[in-house]
Amino acid sequence: MDSELLPLFIEKMKKAGLPEPAIDTFSNYYSQLKTGKTGLIPENEITPLKKGEIDSLSDLSDFKKSGEKALHKTVVIKLNGGLGTTMGLQGPKSLIPVKNGLSFLDITALQILDFNKIHGFRIPLILMNSFRTESESCKTLEKYPDLQTAIPFSFIQHKFPRILASTLGPAEFPKNPALEWNPPGHGDLYTSLLTSGILNKLLEMEYRFAFISNIDNLGASLDTNILGYFAEKNISFLMEVTERTQMDRKGGHLAWQKNGHLLLRESAQCPKENTADFSDITRHNFFNTNNLWIDLHALRKLLTNRNSVLDLPMIRNIKKLDPVDDNSPVVYQLESAMGSAISVFDSASALEVPRYRFAPVKNCEELLLLWSDYFLLTSDYRIIRNHERKSSARLEITLDPKFYSRIDQIKERFPDGAPSLLNCNSLKINGDVKFGKKVKITGNITINNNSSNQKLIPDNQIINHDLQL
């Protein structure tokens, strides 16, 4: 560990008001970085997880009653630290309208309210926010006073200082000091739960189980079958996984370690020479949905035994200090993944779930799909695939990034909402195309506009073959 540089980081974190466990966690990762560790996990150190080696949700119908008995000990935590910058927004991503005029956060709140009404008590909803999402998100939840419990609505995740790759010293950018810091990844959840006081508050009030998922995954609703299975089997950590498709080939997958424990490997932890194996969905079958179930007693015990530093596998991300300047210095961002805790908890396991429990929105293609009739919003505020759809294959959409990568762009080009995609198998749009009202698209369709002028698809048009506009 460097005797000169690490104290500079510690001083910087203390000045920013970060608590000791966060500083100790960063110091641990920095020490690993200094000794040459990269966080990479070679293919020859793991064994693929195969079908049949873990249980499936389809076999858990006998656990529903056990789950209902455990509900009074259960909380729901949503990761809500992200901004919609990749989609052209500056505010919380969770406030994007996604279905029937409701945002991710609205639908999440309404899901919990409906669930609580059915079961007769209030399950707390807790957000892990960033400094940038805290104010607006909490203000939105004020619209739902019936969600209020004795548990705070939110806690704020920590931040780590970025590291200059050339010197391993702290990155400095006086013009925009915010760029000197990076989010520590959602693996920070466990430390933030501790330092915020939320973990102790939950345990004092006799809560035992936490269901955790991303705010933009509207398929991640509370499930009593899974809760009952988790509680009855005395599992300390449970990850929901689903079968990988080509769309998931860059996402984190599960595998076995040599010691017999499960491990999560993210793309940033894969050596370049193993990229083909990482992306091979027939080799690595299961994709991490980031829907997790945590035993809060086990979490506190683990944190106590490890002096508040879980030592999750380190992720070293390489970035530019100023993302819009190609000449900007290269920096390291030290991060960790929430799901990687599967390798540090005792009695950790994984559960295969259907694809409907994973319906995230990471880009404008997925947002358009959610806007369309491909998905329905049920009366209990769950997002489901439209049962009238004949094909079971997932619809793949590719939109020209020059014209459809930002929300303002797709709103301008779909002013009356998405076209009907109920019977569409694939859609690719090249060029600038604007859609009228009640357009229907069926089959495998490519729409090309090679001109420099925007072209219009008229109202009520049925598109069942490729178009050259």
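Every number here is computed from the coordinates shown, using simple stated rules; none is lab data. Small disclaimer: the values here were computed from a predicted structure and weren't measured. FYI the Cβ positions are ideal-geometry reconstructions off the backbone, even for glycines, and counts take in every protein chain you see.
Worth pointing out:
- Cβ-Cβ FRET estimate between A165 and M205, R0 fixed at 51 Å, reported to 0.05: 0.65
- Under 21 Å from K12, Cα to Cα: lysines that are on another chain or at least 8 residues apart: K34, K159, K175, K319, K320
- Label-point separation in nm, D311 to T149, each point 7 Å along Cα→Cβ: 3.4
- Proximal lysines relative to K69, as straight alpha-carbon distance under 23 Å, when same-chain residues fewer than 8 apart are discounted: K78, K117, K201, K233
- Mean ellipticity per residue at 222 nm, deg cm²/dmol - from DSSP H runs of n ≥ 4 across the chain, formula -39500 (n - 2.57): -7000 deg cm²/dmol
- Sequence-separation-based contact order of the range 166-284, relative, with Cα cut under 8 Å and 6+ spacing, percent: 13
- The chain - share of DSSP beta bridges that are antiparallel (%, nearest 5): 50
- In straight-distance terms, cross-link reach from K437 covers every one of the lysines whose alpha-carbon lies under 26 Å from its own, apart from those fewer than eight places away in the same chain; here that gives K99, K362, K390, K402, K411, K428, K455.
- FRET efficiency, 1/(1 + (r/R0)^6) with R0 35 Å, evaluated for S392 and L467 via beta carbons: 0.85
- Summary: within the chain, the longest segment free of chymotrypsin sites (Phe, Trp or Tyr not before Pro) located in DSSP loops with at most 16 other C-beta atoms within 10 Å is 132-469.
- Note on volume of the Cα convex hull per residue in Å³: of the candidates [x] 172; [y] 164; [z] 141, the value calculated from this structure sits at [y].
- Exposed loop sites here are trypsin sites (Lys or Arg not before Pro) assigned a DSSP state other than H, G, I, E or B and surrounded by at most 10 other beta carbons within 10 Å; excluding them, the longest clear run of the chain is 259-389.
- Cα gyration tensor shape for the range 169-260, rounded if a/c is under 1.5, else prolate or oblate: oblate
- Of T446, T304, the sequence from fewest to most neighbouring Cβ atoms within 10 angstrom is T304, T446.
- In this simple spin-label approximation, E243 and L376 carry label points 7 Å from Cα along the Cα→Cβ vector, and these lie 2.4 nm apart.
- Near the amide H of V331, within less than 5 Å, lie the amide hydrogens of A165, K319, K320, L321, all on another chain or at least 5 residues away, with H placed in the peptide plane.
- For the pair the range 388-446 / the range 162-202, the C-alpha centres are spaced 38 Å from each other.
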